[in-house]
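The values are calculated or read from the model by the stated rules, or taken from the named source; none is laboratory data. None of these values were measured; they are calculated from a predicted model. Here the Cβ positions follow ideal geometry from the backbone for every residue, glycine too, while neighbour counts run over all protein chains shown. The area values use the complete protein model at the heavy-atom level, side chains included, leaving out ligands, DNA and RNA. Shrake-Rupley method; radii C 1.70, N 1.55, O 1.52, S 1.80 Å.
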Amino acid sequence: MGTPPCLTGVEEKSHYTLAADEKLGVLLLNTGGPETLNDVQPFLYNLFSDPDVIRLPRLFKFLQRPLAKLVSVFLALRTKERYAAIGGGSPLRRLTDEQADALRMALEDKNVHADVYVGMRYWYPFIEQAVQQIKRDGITKLVVLPLFPQFSISTTGSSIGVFRQIFEQDAYLSRLPVSVILSWYQRHGYIKSMADLIETELGKFGKPEEVMVLFSAHGVPISYVEDAGDPYKDQMEECIYLITQELKARGIGNDHTLAYQSRVGPLQWLKPYTTEVLVELGRKGVKSVLAVPISFVSEHIETLEEIDMGYKDLALGSGIENWGRVPALGCTSSFIRDLADAVVEALPFAKALESDCA
Ligand SMILES: C=CC1=C(C)c2cc3[nH]c(cc4nc(cc5[nH]c(cc1n2)c(C)c5CCC(=O)O)C(CCC(=O)O)=C4C)c(C)c3C=C
Ligand SMILES: [Fe+2]
C-alpha cells in the first residue's frame with residue numbers, strides 16, 4: 001500500500017445532511033487480538049501471513065505461509081504467557097465494540113444516524129465479515145475509519161488493502177460511495193484529548209514539572225520508512241510536536257522524548273528502542289517518567305503487559321523512582337466526539353472505489 005492518501009485528516013468543519021433514502025455505515029478497522037490462549041498461534045499465523053507485516057521480495061513470496069507457520073509456532077509459547085498475564089486474551093474486541101457504540105451515539109447527537117461496524121485484520125470479526133454485514137444491511141454510503149491515528153503500511157495500509165480487494169471483487173460494493181480516512185493524528189480534538197490525559201497523569205506526580213514524558217510508539221522495521229516510503233515516522237514526530245505544543249499552550253513544558261517499542265525479529269526497527277531509552281534515562285538520573293502510548297487508542301497487550309509490566313520493571317530497576325502511564329483514549333468523550341466529527345467531515349468525499357484515485 002504505497003498509494004497516496006485520498007483523504008487524510010480533513011479538519012475543516014463541514015455540515016452534511018443525509019438524504020432520506022441514504023443509509024450510512026461507518027467501518028472501524030483494527031488489528032484484532034486473540035480472545036483466548038488457544039487463539040494465540042492462529043492469530044500470529046494470520047498476522048505473519050500478511051505480506052505487509054513480513055515483506056518478502058517478490059521471488060520469495062511463496063515462502064510467506066510456511067514462514068508464517070514457523071514464526072507463529074516459534075513465538076506462540078512466549079506470547080501465550082504474555083496474554084495469560086493480562087487475563088488470558090486481548091481486550092481489543094470488547095474495547096473496539098465499546099468505541100463503535102460510543103461513536104454511534106456521538107453521531108446520533110449530531111443528528112447523523114449510522115450503523116457502526118468493526119472489522120479486524122487478523123482475528124474475529126474479520127474485515128470480510130463486517131463487509132458482508134454492511135452489504136446485507138443495504139448501506140448506501142460508507143466511511144472507513146482505521147483506529148490508528150498515524151498511517152503505517154503495516155496497519156492502516158494492510159487493512160485498507162484487504163478492504164479494497166473485497167470491494168473491487170464485488171459488483172455492488174464497487175459502486176458503493178466510500179470515504180476512507182487514512183490518518184487523523186493531526187486532528188485538534190485528538191491532540192487535545194491526548195494532552196488532557198497527559199495533564200491529568202502529570203498531576204498525580206509529587207513534582208509534575210520534573211517528570212520526563214516518554215512517548216512510546218509501536219515500532220516498524222526501518223526499511224518500511226527508508227525503502228518503502230512509510231509516512232509513519234514523520235506522522236509520529238509531527239503528532240508529538242502537536243501534542244507538546246498544546247501542552248505548552250497550557251503552561252506545561254516538561255521534557256519529552258520519543259521511543260519505539262514492540263520490536264519483533266532480527267531486523268533493525270525504528271530507533272531509539274523504548275527499552276534502551278529507559279535504561280539511559282535512569283543512568284542520567286531522571287527520577288520520574290510518564291509513559292505515553294502514542295500509536296494505540298485502546299488498551300491491549302502492548303500497553304497492559306509490555307508497558308505496565310515489562311517497561312515499568314525495567315524503569316524501576318534502572319534507577320527511575322516514580323512511574324506513571326497515560327491510559328489509552330478508549331471511549332474518552334472528547335475523543336469519540338472528534339471521531340464523529342471526522343466521520344461527518346469525510347461524508348462529502350464519499351465516492352465509488354471503482355472511480356477512485358488509487
Ligand atoms: C500502530 C500500531 C501497530 C503497528 C505499527 C504494528 C506493527 C507490527 N506489529 C507486528 C507484530 C505483532 N503485532 C502484534 C499485535 C498487535 N499489534 C498492534 C498494533 C500495531 N502493530 C495491535 C493493536 C496488536 C494486538 C494486540 C492485542 O492486544 O492483541 C503481535 C502479537 C502480540 C505481541 O507479540 O505483542 C505481534 C507479534 C509487526 C511485525 C509489525 C510491523 C511490521
Ligand atoms: Fe503489531
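What to note about this one:
- Mean Cβ count within 10 Å, highest first, over the residues of peptides 320-329, 241-250: 320-329, 241-250
- Zone of Phe74's modelled label, taken as backbone nitrogen in the range 233-275 under 12 Å from a point 7 Å along Cα→Cβ: 264-267
- Accessible surface of the chain, 1.4 Å probe, proportion on carbon and sulfur as whole %: 54 percent
- The range 37-85 - accessible surface per residue (Å², probe 1.4 Å): 64 Å²
- Partner lysines for Lys192 [C-alpha distance under 30 Å; skip if fewer than 8 residues away on the same chain]: Lys13, Lys110, Lys141, Lys204, Lys207, Lys233, Lys248, Lys271, Lys287, Lys312
- The range 188-325: relative contact order in percent, alpha carbon pairs under 8 Å with at least 6 residues between: 32 percent
- Note on the chain: helix-only mean residue ellipticity at 222 nm, from DSSP H runs of 4+ residues weighted -39500 (n - 2.57) and normalised by residue number, equals -12000 deg cm²/dmol.
- Shown here for the range 130-221: chymotrypsin sites (Phe, Trp or Tyr not before Pro) in loop regions (DSSP other than H, G, I, E, B) with at most 11 other Cβ atoms within 10 Å, namely Tyr172.
- Converting phi to 3J(HN,Hα) with the Karplus coefficients 6.51, -1.76 and 1.60 and the offset θ = phi - 60°, the range 157-167 yields x, 5, 5, 5, x, 5, 4, 4, 4, 5, 5 Hz in sequence order, with x at every glycine or proline.
- For the range 195-286, share of DSSP beta bridges that run antiparallel, in % to the nearest 5: 10 percent
- Other-chain or far-sequence residues with amide H under 5 Å of Trp269's (modelled H): Ile222
- Fluctuation leader among Pro91, Pro221, Pro57 - the chain, Gaussian network, Cα springs under 10 angstrom: Pro57
- Using θ = phi - 60° in the Karplus curve 6.51 cos²θ - 1.76 cosθ + 1.60, the 3J(HN,Hα) couplings for the range 330-341 round to x, 9, 3, 5, 5, 5, 5, 4, 5, 4, 4, 4 Hz; x is entered for Gly and Pro.
- For a modelled paramagnetic label at Glu81, 7 Å from Cα along Cα-to-Cβ, the residues of the range 255-288 in reach, with backbone nitrogen under 19 Å, are 262-266, 275.
- Rg/Rg_ref, the chain, where Rg_ref = 2.2 N^0.38 Å and atoms are Cα: 0.99
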